[in-house]
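Novice: Take a look at this one; I'll ask things after.
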Amino acid sequence: MDQIAPLAAAHGLFSPVRVGPYLLTNRVVMGPMTRRRADADDAPHALHAEYYAQRAGAGLIVAEGAQVSPQGKGYPGTPGIHSARQVAGWRQTTDAVHLRGARIFLQLWHVGRVSHPKLQPDGALPVAPSALAAPGMAETPAGELPFPVPHELSAAEIADVVAQFARAAENARAAGFDGVELHGGNGFLIDQFLRAGSNRRTDAYGGRAANRVRFLLEVTEAVSAVWGPSRVGVRISPINPWGGMHDPDPAGLFGLAAEALGARGIAYLHVAETRTRRPMFSWSKLRRRFGGIYIANGGFDRYRADAALRSGRADLISFGRAFIANPDLVQRLRTRATLRPADPALYYGGDARGYTDYAPMDDAERSAPPRYEWRRAAMARLRWW
Ligand SMILES: Cc1cc2nc3c(=O)[nH]c(=O)nc-3n(C[C@H](O)[C@H](O)[C@H](O)COP(=O)(O)O)c2cc1C
């Protein structure tokens, strides 16, 4: 028997799926990608609306990380969701995407220690669970500068950050989003609380895994009080080492977090599945412990995406970089057209170049016979998950 003969319950990339209250038209998600083109007030504008509308073939778009407060900012040009101008700017994006029939969530972001006084209000120190500097350099308006030792948040200050997330969630509603995704990965604030390498606290937010998960759950509950849990997603990246992140037991820690989030009935768990030989990590086990809608991300192509969905180990697949140069990615995946490469030099900052000027398929591409890459398809089927 064919090893990947579709199971009775299996679905492909182009079948509809229910996520929270929404019936999405397909299982292709545009993953959140910071592009750093906000204006001087950290507000998105017409160019953002055009960019996201071009990519509205995705069943779900997760818009780039938006800082929940001025304190949550870590890079020049990232948009916020804490001022009236920013809400009005985002409204252009949500209207444009809804006109084209897609759903759009906003990723809520607080960078924690991955910042610098030159990016902070009144030149303050960035904040974190513990006074431990991230390795590497911050990108500031004055050039690259080492990440400073951050200010360790007190319990009262933690409550204030949770309130920042709740206010941002309210603003995202006012801006017309369909839901929000908490950025719990990639070495930013929530991740800094989760992983032992950046959390040395001895109070209720540090120490054993159940304590380190507390901040994530408090934020989830505060944001769920605004949106209802079925419109709140959470993104994690259990073994991504970026930002000096590490934990002695990622499977135990993230299994516990996933279970607690599952019990709260959130819309989905979005997992950046870093692929390494070490540490070994079972994404399937993580998914089982969560028990709800699972979005897999990380280096997927059409074949691997299809294999993951048909084997039932993920419900949706999110694509990041492929969406940058291929605004009509869904159509390209459907017709097995070749994907165009993006120019990484134009990922961050600047204007329309490398942002909204990637064209959809031209006539030659549209009429080319679909290419079935047997080798890649076979490899995807054989991959051990
Ligand atoms: C330019 C760029 C910006 C990104 N910004 C974010 C972000 O704001 N939030 C986030 O969770 N991940 C971010 N990521 C990670 C992507 O969402 C995704 O996890 C990563 O690109 C791997 O998926 P891919 O192999 O499909 O590109 C970014 C990636 C890129 C390339």
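Novice: How far is helix 214-227 tilted, in degrees, relative to the longest principal axis of the Cα atoms in the chain, given as a value from 0 to 90 rounded to the nearest 10?
Specialist: On a 0 to 90 degree scale, this one is about 70.
Novice: So, one more: Tally the DSSP beta bridges in the chain and give the antiparallel ones as a percent, rounded to 5.
Specialist: Counting DSSP beta bridges with both partners in the chain, the antiparallel share is about 20 percent.
Novice: Let me ask another. Compute the projected area of the convex hull of the Cα atoms of the range 314-385, averaged over all viewing directions, and report it in nm² to one decimal place.
Specialist: Spelled out: convex hull of the Cα atoms, projected over all directions, averaged, 6.4 nm².
Novice: What do you get for the angle between helix 155-174 and the principal long axis of the chain? Use alpha-carbon atoms, 0 to 90 degrees, nearest ten.
Specialist: 40 degrees
Novice: Between rounded, prolate and oblate, where does the range 151-195 land on the alpha carbon gyration tensor, with a ≥ b ≥ c its root eigenvalues, rounded for a/c under 1.5, else prolate if a/b exceeds b/c?
Specialist: Oblate, because a/c is 1.5 or more while a/b does not exceed b/c.
Novice: Treat each spin label as a single point 7 Å out from the Cα along the C-beta direction, and report the Tyr372 to Leu99 distance in nm.
Specialist: 3.9 nm
Novice: Tally Lys and Arg at +1 and Asp and Glu at -1 over the other residues with C-beta under 12 Å from the C-beta of Phe215: what net charge comes out?
Specialist: Its environment carries a net charge of -1.
Novice: For Cα pairs less than 8 Å apart in space and 6+ apart in sequence, what is the mean separation divided by the residue count of the chain, i.e. the relative contact order in percent?
Specialist: About 17 percent, as a whole number.
Novice: Compute the separation of the alpha-carbon centres of the range 348-381 and the range 257-306 and state it in Å as a whole number.
Specialist: 26 Å
Novice: Sort Glu64, Glu218, Glu144 so that the residue with the fewest other Cβ atoms within 10 Å of its own Cβ comes first and the one with the most comes last.
Specialist: So the ranking, lowest neighbour count to highest, is Glu144, Glu218, Glu64.
Novice: Can you work out the FRET efficiency for the pair Val149 and Thr276, with r the C-beta to C-beta distance and R0 = 25 Å, to the nearest 0.05?
Specialist: Result of the calculation: an efficiency of 0.30.
Novice: First select every other residue whose beta carbon is under 11 angstrom from the beta carbon of Arg353; then total the charges, Lys and Arg +1, Asp and Glu -1.
Specialist: -2
Novice: Here is a further query. Which value in deg cm²/dmol, rounded to the nearest 500, describes the helix-derived mean residue ellipticity at 222 nm for the chain, given -39,500 (n - 2.57) per DSSP H run of n ≥ 4 and division by the residue count?
Specialist: Calculated mean residue ellipticity at 222 nm is -9500 deg cm²/dmol.
Novice: In which sequence would Glu273, Glu157, Glu181 go, from the one with the fewest C-beta neighbours within 10 Å to the one with the most?
Specialist: The fewest-first ordering by Cβ neighbours comes to Glu157, Glu273, Glu181.
Novice: Within a Cβ distance under 12 Å of Gln54, other residues only, what is the Lys/Arg minus Asp/Glu net charge?
Specialist: Counting the neighbours of Gln54, the net charge comes to -1.
Novice: Take every Cα pair under 8 Å in the range 120-239 that's 6+ residues apart, average their separations, divide by the length, and report that relative contact order as a whole percent.
Specialist: The normalised contact order for the range 120-239 reaches 26 percent.
Novice: For Met30, Met280, Met361, which order do you get if you count the other beta carbons within 10 Å of each Cβ and list the fewest first?
Specialist: Ordered from fewest to most neighbouring Cβ atoms within 10 Å, Met30, Met280, Met361 come out as Met280, Met361, Met30.
Novice: Ratio of alpha-carbon Rg to the 2.2 N^0.38 Å globular estimate for the range 17-382, to two decimals, please.
Specialist: Ratio of Rg to 2.2 N^0.38 Å for the range 17-382: 0.95.
Novice: Which chymotrypsin sites (Phe, Trp or Tyr not before Pro) in the range 334-382 pass both tests, a DSSP loop state and at most 12 other beta-carbon atoms within 10 Å?
Specialist: Listed in order of number, the matching sites are Tyr372.
Novice: Determine the distance separating the Cα centre of the range 124-180 from the Cα centre of the range 194-256; give it in Å without decimals.
Specialist: When both Cα centres are located, 15 Å separates them.
No lab work stands behind these numbers, since they all come straight from the coordinates. Source: prediction; values computed, not measured. Note that each Cβ is placed from the backbone with ideal geometry, even for glycine, and that neighbours are counted across all protein chains shown.
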